[in-house]
Amino acid sequence: MSKGQEILVKAISLALKEVAPGLEAVLEAHLKATMNKGLEVAYENPKEFKEAVSKLFGEYSARLLEMVIINKLEGRLGGNAEINSLEELVEEIKNIYGE
Amino acid sequence: MDPLELMIAASKRIAPTFLNYEIGSDVESVIYHLIKRLREDYEEFVIISFQDAYFSISRYLGAIYDDVHEVFRGAHLISVNPYLEEELKPRTSIKTKDAEIIVGRLGAELRTKSNTLFLVLGLDLYGVKYPQELPVIIPAIIRVLSSGGNNNIIISFNTKIFPESTTEMVNSFALNLFKFEVEVENSDIKRKFSVIRCPFVEYTLKSWYYTVTPKRLIFVSGSEKD
(Lines give C-alpha, C1' and ligand atoms only; values in the text may rest on other atoms or scores of the structure.)
Protein backbone atom coordinates (compact mmCIF):
# COMPACT_ATOMS: atom_id res chain seq x y z
CA MET A 1 0.00 0.00 0.00
CA SER A 2 1.41 3.42 -0.96
CA LYS A 3 1.82 6.20 1.61
CA GLY A 4 -1.07 8.22 0.17
CA GLN A 5 -3.30 5.18 0.10
CA GLU A 6 -2.42 4.36 3.71
CA ILE A 7 -3.26 7.90 4.87
CA LEU A 8 -6.62 7.88 3.10
CA VAL A 9 -7.61 4.41 4.34
CA LYS A 10 -6.79 5.45 7.92
CA ALA A 11 -8.89 8.60 7.55
CA ILE A 12 -11.84 6.62 6.16
CA SER A 13 -11.58 4.08 8.94
CA LEU A 14 -11.47 6.84 11.56
CA ALA A 15 -14.41 8.65 9.97
CA LEU A 16 -16.48 5.47 9.91
CA LYS A 17 -15.68 4.70 13.55
CA GLU A 18 -16.85 8.18 14.48
CA VAL A 19 -19.96 8.59 12.39
CA ALA A 20 -21.11 5.04 11.80
CA PRO A 21 -19.64 2.70 14.38
CA GLY A 22 -20.33 -0.91 13.47
CA LEU A 23 -20.80 -0.11 9.80
CA GLU A 24 -17.11 -0.28 8.85
CA ALA A 25 -17.27 -4.08 8.71
CA VAL A 26 -20.51 -3.90 6.72
CA LEU A 27 -18.93 -1.53 4.18
CA GLU A 28 -15.79 -3.64 3.90
CA ALA A 29 -17.89 -6.76 3.33
CA HIS A 30 -19.89 -4.90 0.66
CA LEU A 31 -16.72 -3.70 -1.12
CA LYS A 32 -15.25 -7.18 -0.96
CA ALA A 33 -18.42 -8.75 -2.37
CA THR A 34 -18.97 -6.21 -5.15
CA MET A 35 -15.40 -5.25 -6.13
CA ASN A 36 -13.24 -7.83 -4.42
CA LYS A 37 -11.37 -4.94 -2.75
CA GLY A 38 -11.20 -3.15 0.59
CA LEU A 39 -11.23 0.52 1.61
CA GLU A 40 -8.15 1.11 -0.57
CA VAL A 41 -10.47 1.33 -3.57
CA ALA A 42 -11.25 4.89 -2.40
CA TYR A 43 -7.73 5.87 -3.43
CA GLU A 44 -7.65 3.84 -6.62
CA ASN A 45 -11.10 4.92 -7.80
CA PRO A 46 -12.84 7.45 -5.54
CA LYS A 47 -15.90 7.71 -7.79
CA GLU A 48 -16.49 3.96 -7.66
CA PHE A 49 -16.01 3.99 -3.88
CA LYS A 50 -18.61 6.74 -3.51
CA GLU A 51 -21.07 4.83 -5.67
CA ALA A 52 -20.61 1.73 -3.53
CA VAL A 53 -21.17 3.72 -0.32
CA SER A 54 -24.27 5.36 -1.86
CA LYS A 55 -25.72 2.00 -2.78
CA LEU A 56 -25.25 0.74 0.75
CA PHE A 57 -26.11 3.77 2.89
CA GLY A 58 -27.84 6.21 0.54
CA GLU A 59 -26.43 9.17 -1.34
CA TYR A 60 -26.97 11.72 1.44
CA SER A 61 -25.10 9.58 3.99
CA ALA A 62 -22.39 8.96 1.40
CA ARG A 63 -21.99 12.73 0.95
CA LEU A 64 -21.84 13.19 4.73
CA LEU A 65 -19.18 10.52 5.07
CA GLU A 66 -17.26 12.09 2.19
CA MET A 67 -17.26 15.47 3.93
CA VAL A 68 -16.12 13.99 7.24
CA ILE A 69 -13.23 12.24 5.45
CA ILE A 70 -12.26 15.49 3.70
CA ASN A 71 -12.52 17.34 7.02
CA LYS A 72 -10.18 14.80 8.67
CA LEU A 73 -7.43 15.34 6.09
CA GLU A 74 -7.92 18.81 4.63
CA GLY A 75 -6.20 20.63 7.51
CA ARG A 76 -3.29 18.18 7.59
CA LEU A 77 -2.57 18.51 3.88
CA GLY A 78 -1.94 22.24 4.23
CA GLY A 79 -3.08 23.19 0.74
CA ASN A 80 -4.75 26.50 -0.03
CA ALA A 81 -7.44 25.23 -2.39
CA GLU A 82 -10.82 24.26 -0.96
CA ILE A 83 -11.50 20.53 -1.36
CA ASN A 84 -15.11 19.65 -2.20
CA SER A 85 -14.99 16.02 -3.17
CA LEU A 86 -13.16 12.77 -2.50
CA GLU A 87 -11.80 12.92 -6.04
CA GLU A 88 -10.20 16.31 -5.31
CA LEU A 89 -8.86 15.01 -1.99
CA VAL A 90 -7.21 12.01 -3.67
CA GLU A 91 -5.76 14.29 -6.32
CA GLU A 92 -4.29 16.52 -3.60
CA ILE A 93 -2.77 13.54 -1.73
CA LYS A 94 -1.27 12.22 -4.97
CA ASN A 95 0.25 15.64 -5.70
CA ILE A 96 1.80 15.83 -2.25
CA TYR A 97 3.26 12.33 -2.28
CA GLY A 98 4.10 12.37 -5.96
CA GLU A 99 2.15 9.20 -6.61
CA MET B 1 -50.67 5.82 16.51
CA ASP B 2 -48.44 4.61 13.65
CA PRO B 3 -44.98 6.28 13.93
CA LEU B 4 -45.33 7.99 10.54
CA GLU B 5 -48.73 9.37 11.56
CA LEU B 6 -47.19 10.41 14.86
CA MET B 7 -44.42 12.39 13.13
CA ILE B 8 -46.96 14.01 10.79
CA ALA B 9 -49.30 14.99 13.61
CA ALA B 10 -46.50 16.21 15.87
CA SER B 11 -44.90 18.31 13.12
CA LYS B 12 -48.26 19.98 12.43
CA ARG B 13 -48.76 20.75 16.09
CA ILE B 14 -45.36 22.33 16.90
CA ALA B 15 -42.16 23.27 15.03
CA PRO B 16 -39.35 22.62 14.45
CA THR B 17 -39.15 18.86 14.02
CA PHE B 18 -35.66 17.39 14.04
CA LEU B 19 -34.99 14.03 12.40
CA ASN B 20 -31.82 12.98 14.19
CA TYR B 21 -30.46 10.25 11.95
CA GLU B 22 -27.46 7.96 11.73
CA ILE B 23 -25.73 6.88 8.55
CA GLY B 24 -27.50 3.86 7.11
CA SER B 25 -30.89 4.72 8.63
CA ASP B 26 -32.39 5.53 5.22
CA VAL B 27 -33.69 8.86 6.46
CA GLU B 28 -34.19 9.87 2.81
CA SER B 29 -37.16 7.51 2.61
CA VAL B 30 -38.61 8.88 5.83
CA ILE B 31 -38.35 12.40 4.41
CA TYR B 32 -40.03 11.28 1.18
CA HIS B 33 -42.99 9.74 3.04
CA LEU B 34 -43.34 12.75 5.34
CA ILE B 35 -43.31 15.26 2.49
CA LYS B 36 -45.67 13.18 0.41
CA ARG B 37 -48.22 13.24 3.23
CA LEU B 38 -47.69 16.79 4.45
CA ARG B 39 -47.28 18.79 1.28
CA GLU B 40 -50.94 19.13 0.33
CA ASP B 41 -51.75 20.61 3.74
CA TYR B 42 -49.64 23.71 3.13
CA GLU B 43 -49.85 26.55 0.65
CA GLU B 44 -46.13 26.55 -0.10
CA PHE B 45 -43.25 24.12 0.10
CA VAL B 46 -39.75 25.51 0.60
CA ILE B 47 -36.55 23.44 0.57
CA ILE B 48 -33.41 24.98 2.03
CA SER B 49 -30.51 22.82 0.97
CA PHE B 50 -26.95 23.19 2.21
CA GLN B 51 -23.92 21.78 0.37
CA ASP B 52 -25.93 19.88 -2.31
CA ALA B 53 -27.96 17.88 0.20
CA TYR B 54 -31.19 18.08 -1.82
CA PHE B 55 -29.36 17.06 -4.99
CA SER B 56 -28.08 13.93 -3.21
CA ILE B 57 -31.42 13.07 -1.67
CA SER B 58 -33.50 13.60 -4.79
CA ARG B 59 -31.14 11.50 -6.90
CA TYR B 60 -31.28 8.67 -4.37
CA LEU B 61 -35.07 8.84 -4.00
CA GLY B 62 -35.49 9.01 -7.77
CA ALA B 63 -33.86 5.60 -8.02
CA ILE B 64 -36.36 4.12 -5.55
CA TYR B 65 -39.70 5.88 -5.98
CA ASP B 66 -41.49 6.57 -9.28
CA ASP B 67 -43.31 9.69 -8.12
CA VAL B 68 -40.44 11.68 -6.58
CA HIS B 69 -40.73 14.45 -9.16
CA GLU B 70 -44.43 14.71 -8.41
CA VAL B 71 -43.87 14.87 -4.66
CA PHE B 72 -41.19 17.57 -4.88
CA ARG B 73 -42.51 19.40 -7.98
CA GLY B 74 -42.78 23.16 -7.73
CA ALA B 75 -40.82 23.38 -4.50
CA HIS B 76 -39.20 26.74 -3.80
CA LEU B 77 -35.56 25.62 -3.67
CA ILE B 78 -32.92 27.72 -1.96
CA SER B 79 -29.42 26.28 -2.34
CA VAL B 80 -26.70 27.29 0.08
CA ASN B 81 -23.21 26.68 -1.30
CA PRO B 82 -24.33 24.54 -4.24
CA TYR B 83 -21.66 22.59 -6.10
CA LEU B 84 -23.73 20.14 -8.14
CA GLU B 85 -27.17 21.47 -7.25
CA GLU B 86 -27.03 24.38 -9.71
CA GLU B 87 -28.33 21.98 -12.34
CA LEU B 88 -31.64 21.79 -10.45
CA LYS B 89 -32.00 25.56 -11.08
CA PRO B 90 -32.64 26.73 -7.51
CA ARG B 91 -34.73 29.87 -7.17
CA THR B 92 -31.96 31.34 -5.02
CA SER B 93 -28.29 30.43 -4.61
CA ILE B 94 -26.41 31.69 -1.58
CA LYS B 95 -22.66 31.26 -1.78
CA THR B 96 -20.98 32.10 1.48
CA LYS B 97 -19.87 30.28 4.61
CA ASP B 98 -20.94 33.18 6.85
CA ALA B 99 -23.94 32.08 8.94
CA GLU B 100 -25.21 35.60 9.54
CA ILE B 101 -25.21 36.45 5.84
CA ILE B 102 -26.99 33.18 5.01
CA VAL B 103 -29.69 33.76 7.61
CA GLY B 104 -30.03 37.40 6.54
CA ARG B 105 -30.67 36.34 2.95
CA LEU B 106 -33.10 33.62 4.07
CA GLY B 107 -34.91 36.10 6.29
CA ALA B 108 -35.31 38.62 3.48
CA GLU B 109 -36.80 35.94 1.25
CA LEU B 110 -38.85 33.90 3.71
CA ARG B 111 -39.69 35.89 6.82
CA THR B 112 -43.22 36.77 5.72
CA LYS B 113 -44.22 33.26 4.71
CA SER B 114 -46.97 31.51 6.63
CA ASN B 115 -48.80 28.21 6.16
CA THR B 116 -45.60 26.90 4.60
CA LEU B 117 -43.86 23.55 4.80
CA PHE B 118 -40.10 24.02 5.22
CA LEU B 119 -37.61 21.22 4.68
CA VAL B 120 -34.05 22.01 5.78
CA LEU B 121 -31.41 19.60 4.49
CA GLY B 122 -27.65 19.45 4.87
CA LEU B 123 -27.16 21.62 7.94
CA ASP B 124 -24.92 18.80 9.17
CA LEU B 125 -22.90 18.87 5.94
CA TYR B 126 -22.48 22.62 6.40
CA GLY B 127 -21.52 22.05 10.05
CA VAL B 128 -18.80 19.55 9.12
CA LYS B 129 -17.29 22.08 6.74
CA TYR B 130 -17.77 25.16 8.90
CA PRO B 131 -18.10 23.94 12.51
CA GLN B 132 -17.66 27.39 14.03
CA GLU B 133 -20.77 28.63 12.16
CA LEU B 134 -23.14 25.95 13.46
CA PRO B 135 -23.95 27.52 16.86
CA VAL B 136 -24.92 30.71 15.02
CA ILE B 137 -26.95 29.27 12.19
CA ILE B 138 -29.15 26.74 14.00
CA PRO B 139 -30.97 29.12 16.37
CA ALA B 140 -31.08 31.86 13.73
CA ILE B 141 -32.58 29.71 10.99
CA ILE B 142 -35.23 28.34 13.36
CA ARG B 143 -36.12 31.90 14.41
CA VAL B 144 -36.51 33.04 10.79
CA LEU B 145 -38.60 30.08 9.66
CA SER B 146 -40.82 30.18 12.74
CA SER B 147 -41.76 33.81 12.33
CA GLY B 148 -44.79 33.16 10.07
CA GLY B 149 -47.96 31.49 11.30
CA ASN B 150 -48.74 27.78 10.90
CA ASN B 151 -45.35 26.86 9.45
CA ASN B 152 -44.14 23.27 9.57
CA ILE B 153 -40.34 22.97 9.80
CA ILE B 154 -38.61 19.65 9.26
CA ILE B 155 -34.84 19.48 9.71
CA SER B 156 -32.70 16.38 9.20
CA PHE B 157 -29.50 16.37 11.20
CA ASN B 158 -26.82 13.83 12.08
CA THR B 159 -25.63 14.68 15.59
CA LYS B 160 -23.24 11.74 15.84
CA ILE B 161 -20.52 13.53 13.89
CA PHE B 162 -20.47 16.52 16.26
CA PRO B 163 -19.31 17.04 19.83
CA GLU B 164 -21.71 16.69 22.74
CA SER B 165 -22.17 20.48 22.98
CA THR B 166 -23.62 20.57 19.44
CA THR B 167 -25.94 17.66 20.19
CA GLU B 168 -27.18 19.46 23.31
CA MET B 169 -27.78 22.65 21.36
CA VAL B 170 -29.74 20.85 18.64
CA ASN B 171 -31.77 18.98 21.24
CA SER B 172 -32.59 22.18 23.08
CA PHE B 173 -34.10 23.74 19.94
CA ALA B 174 -35.97 20.66 18.75
CA LEU B 175 -39.56 20.74 19.94
CA ASN B 176 -40.15 17.45 18.16
CA LEU B 177 -37.17 15.15 18.26
CA PHE B 178 -37.18 11.80 16.50
CA LYS B 179 -34.17 9.53 16.34
CA PHE B 180 -33.25 7.12 13.53
CA GLU B 181 -30.53 4.68 14.56
CA VAL B 182 -28.78 1.70 13.06
CA GLU B 183 -28.00 -1.49 14.94
CA VAL B 184 -25.55 -3.98 13.46
CA GLU B 185 -25.71 -7.65 14.40
CA ASN B 186 -23.42 -10.00 12.47
CA SER B 187 -23.36 -7.63 9.49
CA ASP B 188 -27.16 -7.53 9.56
CA ILE B 189 -28.45 -3.94 9.73
CA LYS B 190 -31.56 -3.13 11.73
CA ARG B 191 -33.09 0.34 11.72
CA LYS B 192 -34.64 1.74 14.85
CA PHE B 193 -36.94 4.73 15.32
CA SER B 194 -37.35 6.39 18.73
CA VAL B 195 -39.47 9.26 19.96
CA ILE B 196 -37.31 11.48 22.13
CA ARG B 197 -39.67 14.41 22.41
CA CYS B 198 -43.07 15.31 20.96
CA PRO B 199 -46.35 16.79 22.17
CA PHE B 200 -47.92 13.34 22.41
CA VAL B 201 -46.13 12.54 25.64
CA GLU B 202 -47.51 9.02 25.90
CA TYR B 203 -45.13 8.11 23.04
CA THR B 204 -42.00 9.62 24.60
CA LEU B 205 -39.05 7.19 24.55
CA LYS B 206 -41.06 4.56 22.67
CA SER B 207 -39.15 2.72 19.92
CA TRP B 208 -39.93 0.75 16.80
CA TYR B 209 -37.79 -1.19 14.34
CA TYR B 210 -38.59 -0.25 10.77
CA THR B 211 -38.14 -1.50 7.24
CA VAL B 212 -38.26 0.58 4.09
CA THR B 213 -40.28 -0.82 1.19
CA PRO B 214 -41.07 0.90 -2.12
CA LYS B 215 -44.64 1.53 -1.00
CA ARG B 216 -44.34 2.34 2.68
CA LEU B 217 -42.39 2.28 5.92
CA ILE B 218 -43.18 -0.75 8.02
CA PHE B 219 -42.78 -0.32 11.78
CA VAL B 220 -42.78 -3.08 14.37
CA SER B 221 -42.69 -2.54 18.10
CA GLY B 222 -39.23 -2.10 19.63
CA SER B 223 -39.53 -5.40 21.44
CA GLU B 224 -39.95 -7.27 18.14
CA LYS B 225 -36.89 -7.06 15.91
CA ASP B 226 -38.13 -9.12 12.99
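Entry remark, the stretch B:88-113: residues being exposed (fewer than 12 other Cβ atoms within 10 Å of the Cβ) and touching a residue at least 24 places away in the same chain (Cβ under 8 Å) number 1 in total. Across the stretch A:82-99, which residue is surrounded by the most Cβ atoms within 10 Å (Cβ to Cβ) among those that are closer than 17 Å to B:Q51 by Cβ and free of Cβ contacts under 8 Å to residues at least 24 places away in the same chain? The qualifying residue surrounded by the most Cβ atoms within 10 Å (Cβ to Cβ) is A:I83. Restricting attention to the stretch B:30-59, the residues that are at the interface with chain A (Cβ under 10 Å from one of its Cβ atoms) and either buried (at least 24 other Cβ atoms within 10 Å of the Cβ) or in contact with a Leu (Cβ under 6 Å, 6 or more places away or on another chain) (or both) total 8.
Report yes if some residue within the stretch B:114-123 is within 14 Å of another protein chain (Cβ to nearest Cβ), assigned to a helix (DSSP H, G or I) and surrounded by 19 or more Cβ atoms within 10 Å (Cβ to Cβ); otherwise report no. Within the stretch B:114-123, one or more residues are within 14 Å of another protein chain (Cβ to nearest Cβ), assigned to a helix (DSSP H, G or I) and surrounded by 19 or more Cβ atoms within 10 Å (Cβ to Cβ).
I'd like the full set of residues that are closer than 15 Å to B:A75 by Cβ and either more than 19 Å from the chain's Cα centre (by Cα) or within 14 Å of chain A (Cβ to nearest Cβ) (or both), limited to the stretch B:94-112. B:E109 - this is the single residue of the stretch B:94-112 that is closer than 15 Å to B:A75 by Cβ and either more than 19 Å from the chain's Cα centre (by Cα) or within 14 Å of chain A (Cβ to nearest Cβ) (or both). Counting only helices (runs of 4 or more DSSP H) wholly contained in chain A, the ones carrying 2 or more residues that are within 14 Å of chain B (Cβ to nearest Cβ) occupy A:3-19, A:23-35, A:46-57, A:59-77, A:86-97. Out of curiosity, is B:S156 more than 14 Å from chain A (Cβ to nearest Cβ) and either closer than 20 Å to B:I142 by Cβ or touching a Gly at 6+ places or on another chain (Cβ under 9 Å) (or both)? It is false that B:S156 is more than 14 Å from chain A (Cβ to nearest Cβ) and either closer than 20 Å to B:I142 by Cβ or touching a Gly at 6+ places or on another chain (Cβ under 9 Å) (or both). No other residue among A:G38, A:G4 is modelled with pLDDT under 90 and closer than 20 Å to A:V90 by Cα apart from A:G4. A single entry from B:G62, B:G74 fulfils the requirement of being within 11 Å of chain A (Cβ to nearest Cβ) and over 14 Å from the mean Cα position of the chain (by Cα): B:G62.
The values are calculated or read from the model by the stated rules, or taken from the named source; none is laboratory data. Since the model is a prediction, treat every value here as computed from it, not as a measurement. We place every Cβ from the backbone using ideal geometry, glycine too, and count neighbours over all the protein chains shown.
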